[in-house]
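S.K.: Starting off with a structure, shown below.
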Amino acid sequence: MGKDGWLYGVKAIAGFVGVSERTVARWLETDETDFPVSKVGGRWSAHPDDLRRWMALARVSAA
């Protein structure tokens, strides 16, 4: 997690959500999941609060 509280990169996002990097990559390839991430400067980023809300709605358990 960055000093600003954001998660940067697929590896960090996958670790937070508790899934493999491949699963995150698959979610990024499709808009079906409404995965709350953004690509800024060629790097994926997400805020933990947004991911928690998404996980609660999608019924995904954090590791």
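S.K.: Sort out the exposed loop trypsin sites (Lys or Arg not before Pro) in the chain (DSSP loop, at most 14 other Cβ within 10 Å) and tell me the longest stretch that has none.
M.R.: After excluding every exposed loop site, the longest remaining stretch is 4-58.
S.K.: Would you mind counting up the charge near residue 22? Only other residues with Cβ under 12 Å from its Cβ, with Lys and Arg at +1 and Asp and Glu at -1.
M.R.: 0
S.K.: Right, something else. Quickly work out the residue 49-to-residue 33 label distance, labels modelled 7 Å from Cα along the C-beta direction, and quote it in nm with one decimal.
M.R.: 2.3
S.K.: Let me ask another. For a bin width of 5 Å, list the pair-distance distribution of segment 7-58 built from all Cα-Cα distances, rounded to whole %.
M.R.: Going out from 0 Å in 5 Å bins, segment 7-58 shows 4, 22, 35, 32, 7, 1 percent.
Every read-out reported here was derived from the displayed coordinates using simple, explicitly stated rules and does not represent laboratory data. The structure displayed is predicted, hence computed values, not measured ones. No Cβ is skipped: glycine too gets one built from the backbone with ideal geometry, and neighbour counts run over all protein chains shown.
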